[in-house]
Amino acid sequence: MDIVGIVAEYNPFHNGHLYQIIEVKKRFPNAVIVVVMSGNFLERGEPALLDKWMRAREAILNGVNLVVELPVAFCVQPADLFAFGAIRILKELGVQKLVFGVENADYDFDKMAQLTKKVHGDFSTYNESYAKAYQRAITEKTGVDVSKPNNLLGLAYAKANLELGSFLELVPIQRMKAEHHDQQLPIDSQIASASAIRNAVLSNKELVVNFVPNSTVEDLQQSKKASWMNFWPLLKYQILTSKVQELREIYGMTEGLEFRLKDKLERMGPAVTFTDWIGEVKSKRFTYTHLTRLATMILLQAKKNEVEQVVESPYIRILGFDDLGQKQLNNVKKKMTFPVVSRVSQKIAANLLDLDYRAGLVYSQCSGQRQDFGRKPFQC
């Protein structure tokens with residue numbers, strides 16, 4: 001039986017994700033599909049549209065066998081750390097193959113990882129971001145353009161796999177129709193980018209029923225949807241009432257950004273929006289995504305030592321499974337070295353899951369639903 005892994009955000013779960021699962025089942029008919037999924041805050045530094053429990057349920061109902069949560073310490077990170085955390089967890093769960101969608105499925109990601117395992121961007125110059133410097137360095141080394149987001153993430157998976165012993169067979173799948181950053185719903189396809197679907201849902205201007213499975217439609221119709229608009233008042237409060245020295249302790253705060261963040265907010269006044277504030281703070285060196293990740297860390301009051309502790313010693317939080325997923329868990333349980341959490345006690349919340357528990361408390365201020373106490377994995 002093939003144990004196939006997927007790294008996902010499912011923000012929200014849509015027909016493109018369903019296509020990927022169908023492709024996995026075509027290529028590996030006896031596969032157990034294991035997904036490590038971001039929780040309530042995501043890689044680009046934004047809250048998930050729907051909470052992690054709904055998204056895990058949608059995945060299980062549409063063919064995934066096991067969903068576990070990627071800790072927020074890995075979620076809200078650049079591609080390399082995001083990928084490394086996810087691949088470590090998949091290794092712990094006995095996964096043999098990694099399926100991932102990319103813009104260029106003909107790229108040899110294993111070879112690219114070998115060529116670039118010691119490549120890093122030059123962040124000593126101040127006229128560009130680390131991401132651009134890194135992409136340029138990769139292109140110079142391989143002759144391949146990795147500027148498209150899923151190609152870059154695919155390379156990050158390959159490099160993490162190489163670092164962890166090349167235990168995975170990499171299976172890139174060509175993305176269909178929609179580009180990652182497309183902002184508009186297509187008129188000639190039932191596959192749209194997650195960005196376009198979120199824009200349509202949050203603006204209430206277009207129906208998305210043609211682009212998502214029925215399970216997602218139900219959750220979108222019945223639940224509160226989250227965006228930075230919901231959390232901006234909380235973030236403003238954090239910044240305005242914190243001293244500069246306190247902001248300096250937040251994970252990812254570098255080069256005096258704490259002064260710039262606070263000064264811009266105070267000068268722009270109470271009517272400023274999140275997008276306007278980020279627009280004033282960003283520069284060639286510090287991109288929109290870099291700053292939204294930092295904003296998330298401020299919102300969660302995530303300190304450097306807290307994040308580094310989780311990165312050093314991860315755990316596995318189970319969000320959902322079916323019979324095959326439960327069987328896979330039982331098969332690997334004796335070999336696992338990471339703590340496994342299916343239900344949260346006060347002791348676990350205060351220690352092992354401290355940062356993720358806090359993220360759940362913050363997210364629940366929008367969703368209105370508990371994220372930890374009283375929640376158990378979805379079982380199908």
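The values are calculated or read from the model by the stated rules, or taken from the named source; none is laboratory data. What you see is a predicted model; the values in this text were computed from it and never measured. Here the Cβ positions follow ideal geometry from the backbone for every residue, glycine too, while neighbour counts run over all protein chains shown. Calculation scope for accessible area: heavy atoms of the full protein, side chains included, ligands and nucleic acids excluded. Shrake-Rupley method; radii C 1.70, N 1.55, O 1.52, S 1.80 Å.
Here are the numbers for the structure shown:
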{"item": "Within the stretch 74-110, considering residues that are farther than 12 Å from V34 by Cα and aliphatic (A, V, I, L, M), the one surrounded by the fewest Cβ atoms within 10 Å (Cβ to Cβ)", "result": "A105"}
{"item": "Top-ranked residue of the stretch 148-178 - restricted to ones that are at pLDDT below 95 and part of a loop (DSSP other than H, G, I, E, B), ranked as surrounded by the fewest Cβ atoms within 10 Å (Cβ to Cβ)", "result": "M176"}
{"item": "Filter pass, I22 being open to solvent by 10 Å² or more (accessible area, probe 1.4 Å), among the aliphatic types (A, V, I, L, M) and not in a strand (DSSP E or B)", "result": "yes"}
{"item": "Checking E280 against (1) touching an Asp or Glu at 6+ places or on another chain (Cβ under 7 Å); (2) not in a loop (DSSP other than H, G, I, E, B), the condition it does not meet", "result": "(1)"}
{"item": "Members of the stretch 212-222 that are closer than 13 Å to F13 by Cβ and either part of a helix (DSSP H, G or I) or open to solvent by 20 Å² or more (accessible area, probe 1.4 Å) (or both)", "result": "N214, S215, T216, V217, E218, D219, L220"}
{"item": "Lone qualifier among V310, V344, V362 - being at pLDDT 95 or above, within 23 Å of L90 (Cβ to Cβ) and part of a helix (DSSP H, G or I)", "result": "V310"}
{"item": "Qualifying positions in the stretch 281-322 - in contact (Cβ under 8 Å) with a residue 24 or more places away in the chain, open to solvent by 10 Å² or more (accessible area, probe 1.4 Å) and farther than 18 Å from L355 by Cα", "result": "K284, R285, F286, T287, T289, H290, F321, D322"}
